[in-house]
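J.: Before I ask anything, let me first share the structure, which is written out below as structure tokens.
The values are calculated or read from the model by the stated rules, or taken from the named source; none is laboratory data. If you're wondering where the values come from, they're calculated on a predicted model, not measured in any experiment. Note that each Cβ is placed from the backbone with ideal geometry, even for glycine, and that neighbours are counted across all protein chains shown. For the accessible areas, the whole protein counts, side chains as well, though only heavy atoms, and no ligand, DNA or RNA atoms are used. Shrake-Rupley method; radii C 1.70, N 1.55, O 1.52, S 1.80 Å.
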Amino acid sequence: PTFAKCLARAPLKRLVLEGDLSNALVICKQLPRSLKELFVWFDREDYLFSDEHIASEIYELLPYLRGIPNIICEFLVPDCPIDVSRLDLSHITFLQLHADMDLNALIDKIPSMTNMTGLNIMISGFDNNQAPS
């Protein structure tokens with residue numbers, strides 16, 4: 001059996017996934033039902049894929065995290081364009097996001113973030129005309 005299948009059968013309560021989003025996606029498609037806390041951390045620094053590839057993996061990953069009571073996601077992808085409208089954040093507990101995104105669109109999503117207890121957004125690179133209202 002694959003590593004992901006072994007994890008799916010393990011009686012884990014907490015799981016930390018760091019690094020490669022492609023591998024995290026494979027694992028998250030088969031998460032153990034016993035899981036109470038999941039931490040997903042990704043730093044763009046040593047990742048060779050394109051911005052579009054990274055963004056698509058983030059969009060695809062988030063829905064697989066549903067059903068876990070405590071989900072912490074940190075995506076450090078500066079300059080990677082993220083379409084906030086495609087982010088499913090309703091079930092995320094804590095989000096740290098450093099990306100090229102429309103902050104007003106993120107602010108508009110806040111009412112749907114019903115499970116969110118913390119939000120850390122790294123804001124840089126916009127002038128006063130682009131600042132969130």
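J.: Which number in (1) free of Cβ contacts under 8 Å to residues at least 40 places away in the same chain; (2) within 17 Å of residue 87 (Cα to Cα) marks the one condition that residue 69 misses?
T.: The single condition residue 69 does not satisfy is (2).
J.: What single numbered condition from (1) closer than 18 Å to residue 40 by Cβ; (2) open to solvent by less than 60 Å² (accessible area, probe 1.4 Å) fails to hold for residue 69?
T.: Here residue 69 clears every test but (2).
J.: Scan 79, 88 and give me the residue that is under 18 Å from residue 28 (Cα atoms), touching a helix residue (DSSP H, G or I) at 6+ places or on another chain (Cβ under 9 Å) and in contact (Cβ under 8 Å) with a residue 12 or more places away in the chain.
T.: None of the other options fit; the residue is 88.
J.: Considering only residues that are open to solvent by 50 Å² or more (accessible area, probe 1.4 Å), modelled with pLDDT of 90 or more and of a type in the set (Phe, Trp, Tyr), which ones fall in the range 31-63?
T.: 41
J.: Follow-up. Out of everything in the range 72-125 that is β-branched (Val, Ile, Thr) and surrounded by fewer than 12 Cβ atoms within 10 Å (Cβ to Cβ), what residue ends up being modelled with the lowest pLDDT?
T.: Only one residue tops the list, namely 123.
J.: Separate question: Are there any pairs with C-beta distances below 8 angstrom linking a residue in the range 27-44 that is at negative phi to a residue that is of a type in the set (S, T, N, Q), with the two at least 6 apart or on different chains, and if so which?
T.: 36/70; 37/70; 38/70
J.: Follow-up question, since we're still on this one. Of everything in the range 104-124, what is of a type in the set (A, V, I, L, M, F, W, C) and assigned to a helix (DSSP H, G or I)? Give them in sequence order.
T.: 105, 106, 107, 110
J.: Can you tell me which residue in the range 1-21 is nearest to residue 79 (Cα to Cα), limited to those that are surrounded by 15 or more Cβ atoms within 10 Å (Cβ to Cβ) and small (Gly, Ala, Ser)?
T.: Applying the filter and picking the extreme gives 4.
J.: With the requirement that a residue be of a type in the set (Gly, Ala, Ser) and over 20 Å from the mean Cα position of the chain (by Cα), what does the range 9-37 give you?
T.: Scanning the range 9-37 gives 10, 34.
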